[in-house]
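Below is one structure, written out as structure tokens, with a few remarks after it.
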Amino acid sequence: MSEQTLFEKILAGEIPSDAVYEDEHVYAFRDINPQAPTHVLVIPKRKMQSFADIRQADAADVGVFMQGVSRVAAQLGLEKDGYRVVFNTGTHGQQTVHYIHAHILGGRQLQWPPG
């Protein structure tokens, strides 16, 4: 059995998090190292390792995850001024937790290119 990821431990309640949203499909919490005034991570409750896994995932699972990301951004009041959704994938994408997660960043004018 492989070791649980940080996010699996958060979902299991083994590690505390600052939750902002939860439903039967997704869980959202504040990033511990925010890169914008609003920086929230959204994870599906059904594990996928990375964004690359979406092509093999059940379309319904992907759909409810993406709807959850949109729902969280709306709940945070980011729709009026806009926000960014980021998926870090693999080594070059700087994915540090191998469990798919969307970063929602907002609350200020974001710059492009990001890095």
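Where a number appears in this text, it was derived from the coordinates with a stated rule and is not lab data. Everything numeric here is computed off the predicted structure, so don't read it as measured data. For neighbour counting, all protein chains shown are included, and Cβ atoms are generated from backbone atoms with ideal geometry for every residue, glycine included.
Key figures for this structure:
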item: Qualifying positions in segment 1-15 - within 14 Å of the chain's Cα centre (by Cα) and without any contact (Cβ under 8 Å) to a residue 40 or more places away in the chain; result: I10, L11
item: Residue list for segment 16-45, filter: without any contact (Cβ under 8 Å) to a residue 40 or more places away in the chain, surrounded by fewer than 14 Cβ atoms within 10 Å (Cβ to Cβ) and part of a loop (DSSP other than H, G, I, E, B); result: P16, D18, E24, I32, N33, P34
item: Of residues in segment 48-70 being among the charged types (D, E, K, R) and part of a helix (DSSP H, G or I), the one nearest to F87 (Cα to Cα); result: D53
item: In segment 46-72, residue nearest to L11 (Cα to Cα) [restricted to those that are hydrophobic (A, V, I, L, M, F, W, C) and surrounded by fewer than 14 Cβ atoms within 10 Å (Cβ to Cβ)]; result: A60
item: Residue count for segment 43-83, restricted to those that are of a type in the set (A, V, I, L, M, F, W, C) and under 24 Å from Q4 (Cβ atoms); result: 11
item: Scan of segment 3-29 for residues that are among the polar types (S, T, N, Q) and farther than 26 Å from A59 by Cβ, ordered by number; result: Q4, S17
item: Top-ranked residue of segment 64-115 - restricted to ones that are among the small types (G, A, S) and under 14 Å from the mean Cα position of the chain (by Cα), ranked as nearest to Y27 (Cα to Cα); result: G68
item: Residue that is nearest to P44 (Cα to Cα), among those in segment 77-114 that are aliphatic (A, V, I, L, M) and out of contact with any strand residue (DSSP E or B) (no Cβ under 6 Å at 6 or more places or on another chain); result: I100
item: Boolean, T96 is of a type in the set (S, T, N, Q) and touching a residue at least 24 places away in the same chain (Cβ under 8 Å); result: no
